[in-house]
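All of the numbers you see were taken from the coordinates with simple rules; none came from a lab. Note that this is a predicted model, so its numbers are computed, not measured. Every residue, glycine among them, receives a Cβ derived from its backbone with ideal geometry; neighbour counts consider all protein chains shown.
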Amino acid sequence: MNAISYRQEIRPSDPEAVSQIVRSSGFFSESEIEIANELVRDGLAHGGNSPYRFLFAELHGGIAGYSCYGLIPATAGSYDLYWIAVTKKMRGKGLGKNLLFKTEELIRNLCGRRIYAETSSRDQYLPTRLFYEKCGYLAEAFLDDFYAPGDSKIIYSKHLK
């Protein structure tokens with residue numbers, strides 16, 4: 001992990017790199033991959049005026065992982081974690097946890113109080129749910145059949161101290 005560097009600035013090559021990272025998971029549809037890409041393009045086009053903030057983890061000149069987060073409108077310090085993903089090669093090595101904790105630190109520095117993350121109830125997302133739980137997130141809501149029949153939404157939260 002010592003060779004990992006972090007940056008918040010978005011570069012023109014980032015949308016494609018994010019698409020590759022998200023696609024490598026095998027979890028997401030093409031429309032979901034396009035949404036991840038669209039958020040990065042929005043950040044690139046609008047800079048500080050975009051509601052989306054990013055943290056990129058770089059290894060040997062390439063993006064090894066990233067997070068996307070933003071203030072939930074009309075709240076006093078509640079943030080959504082829209083995406084967190086690492087390359088297939090880096091999964092299970094602690095990068096996701098480090099990326100999440102660094103993202104939480106950035107949100108704290110923005111006077112963030114709570115962070116919310118949502119995921120699917122499908123079996124393939126069990127590692128994702130366990131990841132959030134191991135990082136101190138609590139399952140706060142279960143929305144039955146949210147995404148599709150048999151595919152419910154689980155909303156996790158963490159109080160940032």
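Summary of values
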item	result
Choice from A76, A57, A148 with maximal GNM fluctuation in the chain (Cα, 10 Å cutoff)	A148
Karplus (6.51, -1.76, 1.60) ³J(HN,Hα), θ = phi - 60°, over the range 114-129, in Hz, Gly and Pro reported as x	9, 10, 10, 9, 10, 8, 8, 8, 4, 4, 5, 8, 4, x, 5, 5
Mean residue ellipticity (222 nm) of the chain, computed from DSSP H runs ≥ 4 via -39,500 (n - 2.57), nearest 500	-10000 deg cm²/dmol
Hull volume in cubic angstrom per residue (convex hull over the Cα atoms of the range 5-116)	103 Å³
Per-residue ³J(HN,Hα) for the range 80-87, Karplus 6.51 cos²θ - 1.76 cosθ + 1.60, θ = phi - 60°, Hz, x for Gly and Pro	8, 9, 6, 8, 8, 7, 10, 4
Residues with amide H under 5 Å from that of L160, placed H, sequence gap 5 or more	R114, I115
Gaussian network model of the chain, Cα within-10 Å springs - most flexible of T119, T75, T87	T75
Karplus 3J(HN,Hα) series, Hz, for the range 31-37 with 6.51 cos²θ - 1.76 cosθ + 1.60 (x for Gly, Pro)	5, 5, 5, 5, 4, 4, 5
Ranked C135, C111, criterion: other C-beta atoms within 10 Å, fewest first	C111, C135
Highest-MSF residue in the chain out of R11, R129, R41 [GNM, Cα springs under 10 Å]	R11
Amide H contacts of G65 (H built 1.01 Å from N, under 5 Å, at least 5 apart or other chain)	A57, T87
